[in-house]
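This report concerns only the one structure given below.
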Amino acid sequence: GDQVKQSPSALSLQEGTNSALRCNFSIATTTVQWFLQNPRGSLMNLFYLVPGTKENGRLKSTFNSKESYSTLHIRDAQLEDSGTYFCAAERPSSSFSKLVFGQGTSLSVVP
Amino acid sequence: GGIITQTPKFLIGQEGQKLTLKCQQNFNHDTMYWYRQDSGKGLRLIYYSITENDLQKGDLSEGYDASREKKSSFSLTVTSAQKNEMAVFLCASSSNTEVFFGKGTRLTVV
């Protein structure tokens, strides 16, 4: 089965509304990264998380290692938030980062 | 900050052809990666390298070779392009924490 499962797979939001994306992990995970892939295909780093919460502007993300999930909250959604959001779990390793990606959540923000 | 440069941005090859994709990073990161992304899907690891001249197979290495010629560069070779190779290939690098990605090479096989 999927080692990193993202939900929902697709989402349409009205401008100005709030929502949450979720990742569930079925593998041991030490850290989590969230990325936004824009329509041109570039992957932008959003968050790098150890267990806990980080906030950046209208985005907030939490990684709960005990319950094996991570969430990404989007507040006051804007048109430029549209794209595909990926979470990636880092597998335990002593020497380097080895990421396992979810399938992505395709977000469309509409006026 | 640094940047990861992938060349070419678009690559069109013929079925059976050997094709090489290149990646350069100026972060001075030790570890570099090649991922493949099929349309509408997540990323899958092809090869990675934890230092110059090191190579490690990922989950999807069959049909590919890689070369870490120096710390800043990591190239990927499709040994014999197939029509199902059409995908975006993403190079990344990290210093054992956060991973950063290039803008990708879009491969089309005709």
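No lab work stands behind these numbers, since they all come straight from the coordinates. Source: prediction; values computed, not measured. Glycine also receives a Cβ, built like all others from the backbone with ideal geometry; neighbour counts cover every protein chain displayed.
The table for this structure:
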| item | result |
| --- | --- |
| Low-density loop positions, GluC sites (Glu not before Pro), region B:21-110 - DSSP coil, at most 13 other Cβ in 10 Å | B:E62 |
| Region A:4-63: trypsin sites (Lys or Arg not before Pro) falling in loop per DSSP and having at most 13 other Cβ within 10 Å | A:R40, A:R58 |
| Percentage, to the nearest whole number, of Cα pairs in chain B over 24 Å apart | 16 percent |
| Longest site-free stretch - chain B; sites: trypsin sites (Lys or Arg not before Pro), DSSP loop, at most 15 other Cβ within 10 Å | B:42-110 |
| Chain B: relative contact order as a whole-number percent, Cα under 8 Å and 6+ apart | 36 percent |
| Sparse-neighbourhood loop sites, GluC sites (Glu not before Pro) in region A:38-111 - DSSP loop, at most 11 other Cβ within 10 angstrom | A:E67 |
| Sequence-distant residues sharing a close amide H with A:T31 (under 5 Å, placed H) | A:E90 |
| Rounded to whole Hz, the Karplus (6.51, -1.76, 1.60) HN-Hα couplings of region A:84-89, x for glycine and proline | 10, 9, 10, 9, 9, 9 |
| Principal axes of the protein assembly as shown: Cα extent on each, largest first, Å | 48, 39, 37 |
| Backbone HN-Hα couplings from phi across region A:57-71 [Karplus 6.51/-1.76/1.60, Hz, Gly and Pro as x] | x, 8, 10, 9, 9, 10, 10, 9, 6, 5, 9, 6, 8, 9, 10 |
| Convex hull volume per residue for region B:21-64, taking Cα atoms only, in Å³ | 99 Å³ |
| Links that overshoot a 23 Å alpha carbon limit, given the list A:K98/B:K103; A:K98/B:K41; B:K71/B:K103; B:K9/B:K70; A:K5/B:K83; B:K22/B:K83 | A:K5/B:K83 |
